[in-house]
Amino acid sequence: MTELFYDDDADLSIIQGRKVAILGYGSQGHAHALSLRDSGVDVRVGLPEGSQSRVKAEGQGLRVVSPAEAAAEADVIMVLVPDPIQGKVYEESIKDNLKDGDALFFAHGFTIRFDLIKPPANVDVCMVAPKGPGHLVRRQYQEGRGVPCIVAVEQDASGNAFALALSYAMGIGGTRAGVIKTTFTEETETDLFGEQAVLAGGVSALVKAGFETLVEAGYQPEIAYFECLHELKLVVDLMYEGGLEKMRWSISETAEWGDYVTGPRIITDATKAEMKKVLGEIQDGTFARNWINEYNAGLPRYNEYKKADSDHLLETTGRKLRQLMGWVHDEV
Ligand code: NAD
Ligand code: MG
Ligand code: MG
Ligand code: MG
Ligand code: MG
Ligand code: MG
């Protein structure tokens, strides 16, 4: 049975009674640090000397110290540096600064699930993973709303780790929207699968293939861009509000008929078989191993892919069109 938790189930005073270190000040880091502070929590940010993010965090009124100092001062340490370097940051700045009763927090289970960090037995190990990008986590909090979070306890040394994690989730607005209890394994595997097969990988490939098909058939790239990328937001907004049903209520009957008969010809049994293979490679650690190797090699293929897509006609067309629609930049 799914266990759901809201504001009434959480106790903000637990996290207000702790000293929190936020390591990293990127997408999630800034959102957690600022919202916890606004929730009355004692926050310090841990960043290396010379980090670009230092000026930003200080400018937003936060106290910044080195990652090791932050870990030493704090009794709740949230690790919000990129997943592939969390192991190194743990060895260099966290490990020797963990005391009995401290809590080690993550927003994604990657490094614990794939054994890149092995915490000692005397600390709580928790996850509070917002199901949305960091900038939305912050914006929703400021608007009195919240992004739903999933919360897990890997190790409960104190006996109160779940209540602590729920309290942290409340501090960033998560319990306003709803918190679901999960495990590090379930979060890591579903998150990696979701972003690869559907949210990032699946959608990017679908949009590019549709755009290329129209352009190769001689249609104007601008029309193809509107049809395959721009309109996607309108469709997804309706799905977000009311599922496939609401989207289908809004589109024409012709579009709905095309949806039913053509969708399964695009995403076929072969696609689903490949999705199962992708999930298998996530579960058996193949994806994690390859990603860490790529990262440690200096990201050669990552940068190649990034460059190729940046030069793609879809992107050059979109850049031009979005300039003519000034308001588009402000929407998330
Ligand atoms: P990011 O890339 O946006 O930011 C990383 C931050 O870490 C930067 O401020 C950088 O300066 C800092 N940093 C780099 N090296 C450091 C070091 N040695 N010591 C201290 N700080 C260092 O990262 P992100 O996307 O916010 O991801 C952080 C974590 O949150 C990851 O575990 C990720 O999987 C998880 N997560 C991210 C999102 C998201 O919205 N991006 C959503 C859910 C979970
Ligand atoms: Mg990023
Ligand atoms: Mg400490
Ligand atoms: Mg995700
Ligand atoms: Mg992810
Ligand atoms: Mg149409």
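The values are calculated or read from the model by the stated rules, or taken from the named source; none is laboratory data. What you see is a predicted model; the values in this text were computed from it and never measured. Every residue, glycine as well, gets a Cβ built from its backbone with ideal geometry; the counts of neighbours run over all protein chains shown.
On the given criteria, is residue 87 within 21 Å of the chain's Cα centre (by Cα), away from ligand 2 (no atom under 16 Å from the Cβ) and under 27 Å from residue 153 (Cβ atoms)? Yes.
Residues that are surrounded by fewer than 16 Cβ atoms within 10 Å (Cβ to Cβ) and in contact (Cβ under 8 Å) with a residue 40 or more places away in the chain within region 101-115 comprise just one, 101. Quick check on this structure: which one of 253, 241, 281, 245 is away from ligand 1 (no atom under 16 Å from the Cβ), at negative phi and in contact with a Phe, Trp or Tyr (Cβ under 6 Å, 6 or more places away or on another chain)? It is 281. With respect to the conditions (1) within 16 Å of ligand 5 (Cβ to nearest atom); (2) over 15 Å from the mean Cα position of the chain (by Cα); (3) more than 20 Å from residue 9 (Cβ to Cβ), residue 152 falls short on a single one, namely (3). The criterion of at least 3 residues that are over 25 Å from residue 328 (Cα atoms), β-branched (Val, Ile, Thr) and without any contact (Cβ under 8 Å) to a residue 40 or more places away in the chain is met, among helices (runs of 4 or more DSSP H) falling completely within region 202-270, by 253-266.
Filtering region 219-249 to residues that are farther than 23 Å from residue 148 by Cα, more than 24 Å from the chain's Cα centre (by Cα) and not aliphatic (A, V, I, L, M) leaves 219, 220, 221, 222, 225, 226, 227, 228, 248, 249. Between 23, 62, 80, the distinction of being out of contact with any Cys (no Cβ under 9 Å at 6 or more places or on another chain) and away from ligand 2 (no atom under 16 Å from the Cβ) belongs to 62 only. Looking only at residues in region 27-48 that are in contact with a Gly (Cβ under 7 Å, 6 or more places away or on another chain) and of a type outside the set (A, V, I, L, M), the one that is farthest from ligand 3 (Cβ to nearest atom) is 27.
Considering (1) at pLDDT 95 or above; (2) over 20 Å from residue 162 (Cβ atoms), the lone condition that residue 105 does not fulfil carries the number (2). Here is a list: 80, 12, 47. Which entry is within 16 Å of ligand 4 (Cβ to nearest atom) and buried (at least 17 other Cβ atoms within 10 Å of the Cβ)? From the options 80, 12, 47, the qualifying one is 80. Could you please let me know if residue 76 is in contact with a Pro (Cβ under 9 Å, 6 or more places away or on another chain), closer than 27 Å to residue 181 by Cβ and not aromatic (Phe, Trp, Tyr)? Against the criterion (in contact with a Pro (Cβ under 9 Å, 6 or more places away or on another chain), closer than 27 Å to residue 181 by Cβ and not aromatic (Phe, Trp, Tyr)), residue 76 does not qualify. Annotation for region 60-75: at least one member residue is surrounded by 15 or more Cβ atoms within 10 Å (Cβ to Cβ), touching a Lys or Arg at 6+ places or on another chain (Cβ under 7 Å), in a helix (DSSP H, G or I) and in contact (Cβ under 8 Å) with a residue 12 or more places away in the chain. None of 241, 227 is at pLDDT 95 or above and out of contact with any helix residue (DSSP H, G or I) (no Cβ under 8 Å at 6 or more places or on another chain) except 241.
Please go through region 1-26 and give me each residue that is away from ligand 3 (no atom under 16 Å from the Cβ), in a loop (DSSP other than H, G, I, E, B), in contact (Cβ under 8 Å) with a residue 60 or more places away in the chain and not polar (S, T, N, Q), ordered by number. Matches in region 1-26: 3, 6, 10, 11, 26. Per this entry, residue 116 is not counted among residues that are of a type in the set (A, V, I, L, M, F, W, C) and outside any loop (DSSP other than H, G, I, E, B). If you check 128, 147, 151 for being surrounded by 18 or more Cβ atoms within 10 Å (Cβ to Cβ), within 14 Å of ligand 1 (Cβ to nearest atom) and assigned to a loop (DSSP other than H, G, I, E, B), only one passes: 147. Summed over region 164-185, the residues that are of a type in the set (Ser, Thr, Tyr) and not in a loop (DSSP other than H, G, I, E, B) give a count of 4. The set of residues from region 130-149 being of a type in the set (D, E, K, R) and either within 16 Å of ligand 6 (Cβ to nearest atom) or more than 11 Å from the chain's Cα centre (by Cα) (or both) comprises 138, 139, 143, 145. Among the criteria (1) away from ligand 4 (no atom under 16 Å from the Cβ); (2) out of contact with any Ser or Thr (no Cβ under 9 Å at 6 or more places or on another chain), the one residue 236 does not fulfil is (1).
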